[in-house]
Amino acid sequence: MLHQPAAAVMERLLYLHNSSSSRMSHHPYDPWDTNTSTVTTSDLSPDESVNPWDIILCVTGTIMACENAIVIAILFYTPTLRAPMFILIGSLALADLLAGVGLIVNFIVLYVFNNEVATLSSAGLLLASFSASVCSLLAITVDRYLSLYNALTYHTERTLTFTYLMILLLWALCICIGLLPIMGWNCVREQSSCSVLKPVTKNNAAVLAVSFLLLFALMMQLYLQICRIAFRHAQQIAVQHQFMATSQASSTRKGVSTLSLILGTFALCWIPFAVYSLVADSSYPMVYTYSLVLPAACNSVINPIIYAFRNPDIQKSLWLSCCGCLPPRFLSGPRTSSDV
C-alpha cells in the first residue's frame, strides 16, 4: 500500500483530478450541500482550496470572541457593576461572544466535519447568538429610555427584576429561533427552497429579516424619545441654573452624537443584509452574501467599543485590572442626566 507502482500512482492522481474537475464544472462547491461526502482538510485539492471569505469570517469571529470575553470578565469580577445597564451589556457581550464562537465553529464544520447534524447545529448557534445580540441591543435601548422616563423610580429593585425578566424572555426566544433548523425548518432536503444563508429556508429568512426591520424601527422610535427627554431635561436645568446652560448644551450634543453613532452603525451593518435576505435566494452569487454578512458580523466587533469600552465605569475597572491606577480624567464629576 505504501509502495504502489508509479503507473498506478499516476493513474490514481489523474482519476482524482478528473473527478474533481467534473464536480467543479457540473456541481459548484456548496459547503451546505450535505449530499456530498464529508470534507476533511486532507481531502482538499488545489481546486477546492479554502474560501478566503470563510477565513475572514473566522478571523472576525476570533476577534469578536476575545473582545467580548474581556467585557464579560470585567463585569463578572467587578461587584460594583451590577446595575441593570451593566447586566444588559453583559447579555450583549455574551451574545456576541457566542456569535464569534459560532463563526469559528462554522468554519470548522465547513472544512472538517461537513455533515448534516454539524451543519444544522452550527446554523442554529449562529441564528440564536445573532438574534440575541440584536435583541440585547433593543433591551439596552428600552433600559436607556426607562432610565430617563422614570428617573425617580429607576434605581429600585423593581427595575432590576424587570431587567432579569427581560433577559430571560429574550434568551428563551432566541434559543427557540436557534433550534428551528434542527427541528426541521431547513432546506437540506429541498435545495430550491434555500435562502442566501443555507440551510435556512427563504420563508424563514424573510420572517427574520422583517422582524429585524421592525426591531430597528422600534429602536429608532425609542431613541427619538430619548433625545426629546434629554433636550427637555437640559432646558429645565438651564433655566434653573443659567450659568450651566453652556455645559448642558454641550452634554446634550454629546448624547445626541452618541445615539447617532449607535443607530448609524447598527443600520449600516445590518439593514443591507436584511433587505438582501428579502429579495435574494440561493441562486444569487455567494460573493454578494459574503460581502453583506461580513459587515453584519463586524457589528458584534463594534458593540463592545460602543457599549462597554466607552463606558467610564467599565474603563475604570479595566484600568484598575491592567495597571492598578486611574488616569486623571476619571477624577472629574459624574455624568448628567442629559448625557445619554
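Quick look at the numbers
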quantity: Heavy-atom accessible area ranking, 1.4 Å probe, most first, across TYR77, TYR276; calculated: TYR77, TYR276
quantity: GLU157 - accessible surface, heavy atoms, 1.4 Å probe, Å² rounded to 10; calculated: 130
quantity: Area accessible to solvent at ILE167, 1.4 Å probe radius, in Å²; calculated: 30
quantity: Accessible heavy-atom area order of THR80, THR119, THR265, THR156, highest first, probe of 1.4 Å; calculated: THR80, THR156, THR265, THR119
quantity: Efficiency of FRET between TRP53 and ALA267 - r from beta-carbon atoms, R0 22 angstrom, step 0.05; calculated: 0.45
quantity: Cα gyration tensor shape for region 82-222, rounded if a/c is under 1.5, else prolate or oblate; calculated: prolate
quantity: Carbon + sulfur, % of accessible area of region 107-238 - ligands and nucleic acids excluded, 1.4 Å; calculated: 71
quantity: FRET E, pair VAL287, CYS66, Förster distance 30 Å, beta-carbon r, rounded to 0.05; calculated: 0.65
quantity: ASP313 accessible area, 1.4 Å probe, all protein chains in place, Å² to nearest 10; calculated: 60
quantity: Approximate spin-label separation GLN225-MET183, in nm, with each point projected 7 Å along Cα-to-Cβ; calculated: 3.0
quantity: Computed E for ASN203/ALA172 - FRET, C-beta separation, R0 22 angstrom, nearest 0.05; calculated: 0.45
quantity: Cα gyration tensor shape for region 140-237, rounded if a/c is under 1.5, else prolate or oblate; calculated: oblate
quantity: 5 angstrom amide H check on THR201, placed H, neighbours 5+ away; calculated: CYS187, SER195
quantity: Simple spin-label estimate for GLU190 and GLU157 in nanometres, 7 Å along Cα-Cβ; calculated: 5.3
quantity: Heavy-atom surface of region 74-151, accessible at 1.4 Å and reported per residue (Å²); calculated: 35
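The values are calculated or read from the model by the stated rules, or taken from the named source; none is laboratory data. Since we're looking at a predicted model, the values are computed, not measured. Here the Cβ is made from the backbone with ideal geometry for all residues, glycine too, and neighbour counts use every protein chain on show. Just the protein is used for accessible areas: all its heavy atoms, side chains included, with ligands, DNA and RNA removed. Shrake-Rupley method; radii C 1.70, N 1.55, O 1.52, S 1.80 Å.
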